[in-house]
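Below is one structure, written out as structure tokens; comments come after it.
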Amino acid sequence: MNKPLPATNEGARLTFDIGAEKHDFGNLLQGMVAEHEFTLHSSGTEDLIIRQVKPTCGCTVAQVYYEGPQGERLAYTYGNPIPAGATIWVPAKLHTKGKRGHQNTRINITSTDPRGQTQLGLEADIDPFFVVMPSYLNFGQIRKGEEKTLELQISTVKSEALKMTVEPTSIPAGVTVDLRPTGAVTEEGRSPAWKLKATAGPDLVEGNLARTLFFTYNTDEDFN
């Protein structure tokens with residue numbers, strides 16, 4: 001039978017240097033995965049036990065590490081004691097896919113420090129990867145048998161050349177889509193600017209149609 005972990009320990013302390021509990025990445029391009037490692041300390045008079053490390057949305061912590069008896073870096077198992085005086089490392093990743101503007105994420109650490117939960121923070125300003133003009137296509141009312149065609153322009157903010165395709169499963173019945181590069185095209189078929197032409201009708205199903213188109217793309221840039 002496993003021995004239950006103590007809720008707190010009066011001699012346990014989880015601390016960090018002033019200002020080290022937060023990290024600001026500044027401006028990041030949408031789609032990037034940014035990494036930062038927090039350094040903390042078991043600075044009490046007794047062993048510290050970490051029960052849980054729980055990041056909020058958009059942040060991941062795969063493994064926590066602590067300083068071994070010879071100063072080595074060891075993978076930590078939740079529930080095990082960390083001796084007083086040892087350093088603790090918490091590597092974290094901020095995921096920017098699908099995010100824009102100012103982002104704030106938190107990492108909540110529950111331990112036997114009686115002063116309560118320890119909170120770390122990551123923040124960044126996410127710049128969009130794409131500009132889409134207009135942001136959506138509105139066909140308005142289409143009569144049975146009628147056909148309408150609308151266009152939009154897609155470009156990368158920093159002129160990154162990429163190859164784009166529309167996911168066929170996201171195209172609704174009765175709509176045809178043509179996506180072609182409009183900027184300088186590389187030998188691999190990449191371009192920083194694309195034009196999408198969508199034609200609705202004449203075989204649309206009667207009723208309201210609202211659908212999101214999904215794109216796949218690749219560039220020479222590796223965001224992971």
Please tell me the relative contact order of segment 18-92 in percent, rounded to the nearest whole number, where contacts are Cα pairs under 8 Å and at least six residues apart. 41 percent
Whole-percent carbon and sulfur contribution to the accessible surface of the chain (1.4 Å, no ligands, DNA or RNA) stands at 49 percent
Accessible surface, per residue, of segment 15-65 when the full set of protein chains is kept, probe 1.4 Å, Å²: 54 Å²
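List the relative contact order of the chain as a percent without decimals, with contacts defined as Cα pairs under 8 Å and 6+ residues apart.
Value for the chain: 20 percent.
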Within 14 Å, Cβ to Cβ, of residue 138, how many net charges do the neighbouring residues add up to if Lys/Arg are +1 and Asp/Glu are -1? +1
What number comes out for accessible area per residue over segment 76-161 if the probe is 1.4 Å? Units Å², please. 56 Å²
Neighbourhood net charge (12 Å Cβ-Cβ; Lys/Arg +1, Asp/Glu -1) for residue 99: -1
Give the percent of DSSP beta bridges with both residues in the chain that are antiparallel, rounded to the nearest 5. 90 percent
Set of aspartates and glutamates near residue 93 by C-alpha distance (under 19 Å), chain-local residues within fewer than 8 positions excluded: 21, 24, 35, 37, 123, 125, 127, 221, 222
Would you please give the residues with an amide H less than 5 Å from that of residue 38, counting only those at least 5 places away or on a separate chain, with H modeled from the backbone geometry? 90, 92
Non-local residues with an amide H under 5 Å from the amide H of residue 44, with H modelled 1.01 Å from N and Pro and chain starts lacking one, are 13, 85
Could you tell me the number of lysine pairs in segment 96-222 with C-alpha atoms less than 24 Å from each other, where the two lysines are 8 or more residues apart or belong to different chains? 13
Leaving ligands and nucleic acids out of the surface, order 76, 136 by accessible area at 1.4 Å, largest first. 136, 76
Magnitude of the charge dipole, the chain, Cβ model with Lys/Arg +1 and Asp/Glu -1, debye to 20: 660 debye
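Multiplying the sequence separation of residue 10 and residue 163 by 0.36 nm and subtracting their Cα-Cα distance, what value in nm do you get?
49.2 nm
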Could you work out the relative contact order of segment 88-220? I mean the mean sequence separation of Cα pairs under 8 Å and 6+ apart, divided by the number of residues, in percent. 23 percent
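The values are calculated or read from the model by the stated rules, or taken from the named source; none is laboratory data. Computed from a predicted structure; not experimentally measured. In this analysis, Cβ positions are derived from the backbone assuming ideal geometry, glycine residues included, and neighbour counts consider all displayed protein chains. For the accessible areas, the whole protein counts, side chains as well, though only heavy atoms, and no ligand, DNA or RNA atoms are used. Shrake-Rupley method; radii C 1.70, N 1.55, O 1.52, S 1.80 Å.
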